[in-house]
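**Q** Quick one: this structure, given as structure tokens, is what I'll be asking you about.
The values are calculated or read from the model by the stated rules, or taken from the named source; none is laboratory data. In this text, all values refer to a predicted model and were calculated from it rather than measured experimentally. Virtual Cβ from ideal backbone geometry, glycine too; neighbours counted across all protein chains shown. With ligands, DNA and RNA removed, areas are computed over all heavy atoms of the protein, side chains included. Shrake-Rupley method; radii C 1.70, N 1.55, O 1.52, S 1.80 Å.
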Amino acid sequence: VVIGILAAIGYPSYISYVQRGNRAAAQQLMLDIASRQQQHLLDARAYTATLGGAPTAATPSLNISQQGWDCTTTTTKCSNNYYDIAMSTVSAGPPPTYTITATAKAQQLSDGNLTLTDTGTKTPAAKW
């Protein structure tokens, strides 16, 4: 009975802890992408939607590489078991804009999606 009570209390707390850790990893990658986008804007006067892969003159890239994330299979998004992170850019400015979206999957679905824009707007605010 005691083990059952402890499991009933401890397991939901553990799941919540794991979700917060996975969310923090996605947020860290999103902030890294945003930082590299600002550097790219200074160099090229535009944002790029290409996250992974080596940059070339024809295809500028942020060359994102982070442990636990696959950014090379497709150059337009980074994925792990819990989130797909993609970016959309709008060059029909001025000024150019971008939106980074982390789409939850698997056990993160109940936690929801995350968004970060070029102006620093983070949604949902309660998750940041």
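**Q** Working carefully through the options Ala86, Ala102, Ala34, Ala25, find the one that is within 16 Å of Lys122 (Cα to Cα) and either touching a helix residue (DSSP H, G or I) at 6+ places or on another chain (Cβ under 7 Å) or polar (S, T, N, Q) (or both).
**A** Result of the check over Ala86, Ala102, Ala34, Ala25: Ala102.
**Q** Kindly indicate the residue of the stretch 102-128 that is over 12 Å from the mean Cα position of the chain (by Cα) and of a type in the set (Lys, Arg) and also farthest from Ala34 (Cα to Cα) among those meeting that condition.
**A** Out of the qualifying residues, it is Lys105.
**Q** To continue, here is another question. Can you say whether Arg23 is over 15 Å from Ser88 (Cα atoms), of a type outside the set (Ser, Thr, Tyr) and touching a Lys or Arg at 6+ places or on another chain (Cβ under 9 Å), as far as the supplied structure shows?
**A** Answer is yes for this residue.
**Q** Taking the condition crowded, with 16+ Cβ neighbours inside 10 Å, at pLDDT below 90 and in contact with a strand residue (DSSP E or B) (Cβ under 7 Å, 6 or more places away or on another chain), does Cys71 pass?
**A** yes
**Q** Here's another thing I want to ask about it. Tell me the residue from Arg20, Arg45 that is open to solvent by 80 Å² or more (accessible area, probe 1.4 Å) and under 15 Å from the mean Cα position of the chain (by Cα), please.
**A** Within the list Arg20, Arg45, the selection yields Arg20.
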